[in-house]
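Here the structure comes first, spelled out in structure tokens, and everything after it is commentary.
The values are calculated or read from the model by the stated rules, or taken from the named source; none is laboratory data. Predicted model only: the values in this text are computed from it and were never measured. Counting neighbours? That spans all protein chains shown, and the Cβs are built from the backbone with ideal geometry, glycine included. Side chains included, ligands, DNA and RNA excluded: accessible areas come from the protein's heavy atoms. Shrake-Rupley method; radii C 1.70, N 1.55, O 1.52, S 1.80 Å.
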Amino acid sequence: MNKVSENPSKNRAVSDERLLPPLVIIVGLIIACYLTANVMAVKLIKVGNVTIFDAGTIIFPITYMLGDVLTEIWGFRTAKRVIWLTLICQIIFTLFAWIGISLPYPAETESMATAYRQVFGFVPRIMLASLTAFLCGELINAWTMVKIKEKTGERLLWVRTIGSSVFGYIVDTTLFVCIAFIGTVPTRDIFTMIGIQIVAKLLIEALGGTPLAYAAIRFLKKRI
């Protein structure tokens, strides 16, 4: 066999950091976490007689944590662009998931097709709620973090990450639950879901997200 020639100018070593800049990694993780959260949201978590939150709540705070890292290192303007990009990616994902549902399938795969439709057959109202809540919540989160930083400077990172998330989660969760469920579930459950989800998201971010954000920001500030 003939040996394939190499072009050193185009085939850089994997260790070359220019192949995968930190910003690309952060953006990829944000989009991955958001898409994963929306798929996981199909599974609802119920304790006793009360539906407390969907399974996507477990991973969604990581999206906010990464958004905090993005805003802290690259600023609000870049964060805003990434938020819009993430929104576009979700729309593309949803569109092609619907196309996949509409395509014909062999009769012997009926059970699999039904499961696929149940997981990826996003209800338009739920999708509208998700997109609206994510856009507004993330923009509020990033904007608030910048405003807090203007007051604190480089100090008190935890105040910025958790403080901005409080406002972001209130906006995000309230919009999502109200748009998605008002008129379909009792009013009592609406308030319960909003309250429990906000608290759950904040606890996950405070206990897991904030330490990760500290580590990521410290690492990136040394490398960039």
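Size descriptors for the chain: radius of gyration and Dmax over Cα atoms are 20.4, 72 Å. Here region 125-224 is described by how far its Cα atoms reach on the three principal axes: 50, 24, 22 Å, from widest to narrowest.
When peptides 216-224, 167-175, 142-150 are sorted by average Cβ neighbour count within 10 Å, with the highest value leading, the order is 167-175, 142-150, 216-224.
Surface exposure of region 37-150, expressed per residue as accessible area with a 1.4 Å probe, stands at 52 Å². Beyond 19 Å in Cα-Cα separation lie the following of the pairs LYS151/LYS201; LYS46/LYS201; LYS80/LYS201; LYS147/LYS201: LYS151/LYS201; LYS80/LYS201; LYS147/LYS201. Using a probe radius of 1.4 angstrom, the carbon and sulfur fraction of the accessible surface of the chain is 70%.
From the helices alone, meaning DSSP H stretches of at least four residues, give me the mean residue ellipticity at 222 nm for the chain, per-run term -39500 (n - 2.57), in deg cm²/dmol to the nearest 500. Show your work: numbers first, answer last.
Working: 8 runs with 158 residues, N = 224.
Helix-only estimate at 222 nm: -24000 deg cm²/dmol.
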